1. Would you kindly work out the equivalent ellipsoid of chain B from its C-alpha gyration tensor and give its semi-axes, the square roots of five times the eigenvalues, largest first in whole Å?
2. Treating only the Cα positions of chain A as identical point scatterers, give the base-10 log of I(q)/I(0) from the Debye formula at each q in 0.19 Å⁻¹.
3. Starting from the Cα gyration tensor of the stretch B:145-207, take the square roots of the eigenvalues, sort them a ≥ b ≥ c, and report rounded, prolate or oblate (rounded when a/c is under 1.5, otherwise prolate if a/b is larger than b/c, else oblate).
4. Taking a 21 Å limit on the Cα-Cα distance, which of the listed pairs B:7/B:54; B:16/B:80; B:123/B:225; A:96/B:225 fall beyond it?
5. Please report, in whole Å, how far the alpha carbons of the protein assembly as shown spread along each principal axis, starting with the longest.
6. When the Cα atoms of the stretch A:77-138 are enclosed in a convex hull and the volume is divided per residue, what value in Å³ results?
7. Cα axis of helix A:7-17 to longest principal axis of chain A: angle in degrees, 0 to 90, nearest 10?
8. Near residue A:56, which lysines are there with a Cα under 22 Å away, not counting those fewer than 8 places off in the same chain?
Amino acid sequence: MERGKNQHLYRKLHSLSGIIPVGVFLTVHLFVNFTVTWGMDAYNTAANVMVHLPFKYFLEAFIIFIPLYFHAIYGMYIAFQSKNNVGSYGYARNWKFFLQRLTGVITFIFVTWHIWETKVQVEFFGAEANYHLMAGIVDNPISLALYIVGIVGSVYHFANGIWTFLITWGITVSPKSQKFFAIVTFGIFVVLSIIGVRAILGFA
Amino acid sequence: MAGDSKKIHLIITRQKDANSQPYQEEFLVPYRSNMNIISALMEIQKNPVNAQGKESTPVIWESVCLEEVCGACSMVINGKPRQACSSLIDQLQQPIKIAPLSTFPVVRDLMVDRQRMFDSLKKVKAWVPIDGTYDLGAGPRMPENTRQWAYELSKCMTCGCCLEACPNVNDHSPFMGPAPLSQVRLFNAHPTGAMHKDERLDAIMGEGGITTCGNSQNCVEVCPKGIPLTTSIAHLNRQVTLHSFKNFFGNF
């Protein structure tokens, strides 16, 4: 795949798929979760709407699973191709480059585990997608800690990914615009982290 | 006099030939004012005795211009890639650690083979083709403001510091590195060079091309000539995005 003629297309699509649809889905997901801070019934109502969307399997396949695992598997290949050197070159951008790869691996593992514990249990083992399913998982403090790491890690990966997407697609060219969007995407990281962590604590 | 005067302590990573294992050797070189790494290495050449007082061999390095414009004497000095000629002893912390660039195959000691960079320049057609059977006459003029930033890009001396610092330039990545990419921007900005813009863009859309960049932006930090490499890469990202849309949807 990498050695072939389509490397350029794959890389551009890899960058794009992280934002649209995967990043957009992550944001919607965290917003839906946030309803739990209004109470169990509010969350169950919101989750119920998501579970009963029309053409659900089509939406899940093309908006979630195919782009998600294309991004994840190709991303692993990219992550392990780099020779991280923050020890010798401790510049802020180089740290963000390293963290982007680290959080990519964390998110891959976390999301796969999360899908196993929720989606797979609901589809194949008769669990019900409601407040109690999540509350049961994060009842264990280790699981809760891993969820917080997973959520903050994925949100970082998404926010920093917006910054690199803007460069990869040639939108932010000048150092000035790159600096501006570094601040904007950091803001996105902080806000989405707060939303995500407050939501998971709503289940604990 | 020589015995009790100030010494410069050098720790040099050496290698007998391309295939042997690297090793470290220490040297104590007599100090003079205003020395640089090259003149310190010349002292070893004059008297190849290491810090233990044992007879050694002169340390091999490559250098040409001695004024930081040729790029030949790049090496890793106290952990950072830079030119030996412009690395002044008085400004370096001792002991001074000197190692060859790790991205390129070592020929011997501090001398490396930067051929892959020149191959990349050929691959991306980093020139303006004007040869033919008749005189083409004067080309179009370059606007002055373009000339000003293009001049900055033309300072690239293929020294290899940006490739050395880039985490995506390594043995298991085909990435050509920032230097040849920036040259594509330079030659695409040239009014005559722009006539072959598409060929250069096609070249950097191939294997090891522009999308292999991971935006660590180390290159722009270490470039000794202060070339805006990350701006070049971002600008080329825009050029290839537009180019690929034109390729697919049609260019009219």
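Every read-out reported here was derived from the displayed coordinates using simple, explicitly stated rules and does not represent laboratory data. The structure displayed is predicted, hence computed values, not measured ones. Here the Cβ positions follow ideal geometry from the backbone for every residue, glycine too, while neighbour counts run over all protein chains shown.
1. 41, 19, 15
2. Normalising to I(0) and taking log10 leaves -1.50.
3. Note, shape of the stretch B:145-207 comes out oblate.
4. Over 21 Å Cα-Cα: B:16/B:80; B:123/B:225; A:96/B:225.
5. That works out to 88, 66, 38 Å along the principal axes.
6. 108 Å³
7. Once rounded, one gets 40 degrees.
8. Straight-line reach from residue A:56, under 22 Å: A:119.
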